[in-house]
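The values are calculated or read from the model by the stated rules, or taken from the named source; none is laboratory data. Being a predicted model, the structure only gives us computed values, none of them experimental. Note: ideal-geometry Cβ built from the backbone for every residue, glycine included; neighbour counts use all protein chains shown. The protein model used for the area step is the full one, side chains on, heavy atoms only, and it has no ligands, DNA or RNA in it. Shrake-Rupley method; radii C 1.70, N 1.55, O 1.52, S 1.80 Å.
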Amino acid sequence: DRAASQGVPVVTFNSDVEHSRRICFVGQDLSRSGRIAAGLMSRVLKTHSKVLVVTGSLNFHAHRSRVEGFENNLEKSGIEIVRVAEGFDQYELTFSQIDQAFVQEPGIAGIYMATGDVGACIDAIKRHKREGKVRVVCNDLLPETERGMREGIIDFTIVQNPSMQGYRALRILFDHRFLGKPPEQEYYFTETHIIIPESM
């Protein structure tokens, strides 16, 4: 907002900043990403199954939007969300949250890693010997996610296009600053893809 008040155009990307004076946002449609995750989960779990949702921090717009999209779309399926756990992108805290959830809710059949340390999720599943018994949907294709998919622990990951986010954000700023061309829209959503182990 301070930059905008001084005439400096601002574009947010990857995670939006709500109620700010940015000129537009470039990134994944995060609520849609959560809805896609719910659609995938509902196709691999039975009605009345229990699901754990893990995210970094609900204070972040991106993290909250994915969780809300997931919750809203899963309501129709009859699948129960037993807990939304915040791991604050820290391995130890994320592992502890998932480990605790397995102890307190032994019937967990699915985990949605909206954001957070996927390695902690993989290790918690192994600790409880739940490989192949818990369906896992996550976001992005980081090295830990690839490992989990190769080991048959992660079923799906929903990926965005970070290269395009960076490019388009800078292109919008360039056009705005040097060509006097304002953004044509407030939100520029990049494409979303679903990857399964067999497609890696």
Looking across segment 7-31 at residues that are touching a Gly at 6+ places or on another chain (Cβ under 8 Å) and not in a strand (DSSP E or B), the single one that is most open to solvent (accessible area, probe 1.4 Å) is Asn14
Leading residue by the ranking (nearest to Leu40 (Cα to Cα)) among those in segment 160-194 that are open to solvent by less than 30 Å² (accessible area, probe 1.4 Å) and at pLDDT 95 or above = Ala169
Return yes or no: is Asp89 within 23 Å of Val159 (Cβ to Cβ), assigned to a loop (DSSP other than H, G, I, E, B) and touching a Phe, Trp or Tyr at 6+ places or on another chain (Cβ under 8 Å)?
-> no
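For (1) without any contact (Cβ under 8 Å) to a residue 12 or more places away in the chain; (2) open to solvent by 20 Å² or more (accessible area, probe 1.4 Å); (3) of a type in the set (Gly, Ala, Ser); (4) closer than 29 Å to Glu18 by Cα, each residue gets a yes or a no:
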{"residue": "Gly56", "(1), (2), (3), (4)": "no, no, yes, yes"}
{"residue": "Glu68", "(1), (2), (3), (4)": "no, yes, no, yes"}
{"residue": "Ser77", "(1), (2), (3), (4)": "no, yes, yes, no"}
{"residue": "Gln90", "(1), (2), (3), (4)": "no, yes, no, yes"}
{"residue": "Pro143", "(1), (2), (3), (4)": "yes, yes, no, no"}
{"residue": "Ile153", "(1), (2), (3), (4)": "no, no, no, no"}
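Can you tell me which of Gly116, Gly110, Gly132 is closer than 17 Å to Ala37 by Cβ and in a loop (DSSP other than H, G, I, E, B)? So that I can check it myself, show each step before the final result.
Working: Gly110 fails: in a loop (DSSP other than H, G, I, E, B); Gly132 fails: closer than 17 Å to Ala37 by Cβ.
Every option except Gly116 fails the conditions.
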Filtered residues of segment 45-64 (kept if farther than 16 Å from Arg135 by Cα and either touching a Gly at 6+ places or on another chain (Cβ under 7 Å) or not in a helix (DSSP H, G or I) (or both)) | Thr55, Gly56, Ser57, Leu58, Asn59, Phe60, His63
Pairs only if they're at least six apart or on different chains, beta carbon under 8 angstrom, first in segment 171-200 and assigned to a loop (DSSP other than H, G, I, E, B), second of a type in the set (Asp, Glu); list them, first residue then second.
-> Lys181/Asp175; Thr192/Asp29; Ile196/Asp155; Met200/Glu146
